[in-house]
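**Q** Quick one: the structure is below, questions incoming.
The values are calculated or read from the model by the stated rules, or taken from the named source; none is laboratory data. This structure is a prediction, so every number in the text was calculated from the model and none was measured. Heads up, the Cβs are rebuilt from the backbone with ideal geometry, glycines too, and the neighbour counts pull from every protein chain shown.
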Amino acid sequence: MQTRIEVGILGATGMVGQHFIKFLQGHPWFDLRWLGASDRSAGKKYRDAALWHLAGATPESIADLTVDDSKPG
């Protein structure tokens, strides 16, 4: 079995971030582990931080991930 690569998305609560989340769902090489967004969303669970605009519901695999602040540090 091949090792999966852990990846993150910066700007995860916006439309482009949501498309990246959708593209990475079930990907054979990548494992989505980190979500970054503005300080308004930081510290919240993804399901509480983002209004899902794409078809279907917020993916369960990321709904409980905590969103981190995207400021350099």
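**Q** Show me the strands (runs of 3 or more DSSP E) entirely contained within the chain in which 3 or more residues are surrounded by 13 or more Cβ atoms within 10 Å (Cβ to Cβ) and of a type outside the set (D, E, K, R).
**A** Where strands (runs of 3 or more DSSP E) fall fully within the chain and carry at least 3 residues being surrounded by 13 or more Cβ atoms within 10 Å (Cβ to Cβ) and of a type outside the set (D, E, K, R), they are 5-10, 30-37.
**Q** May I ask you to list pairs of residues, at least six apart or on different chains, whose Cβ atoms are under 6 Å apart, with the first in region 18-31 being at pLDDT below 95 and the second being surrounded by 14 or more Cβ atoms within 10 Å (Cβ to Cβ)?
**A** Qualifying pairs under 6 Å: Q25/P59.
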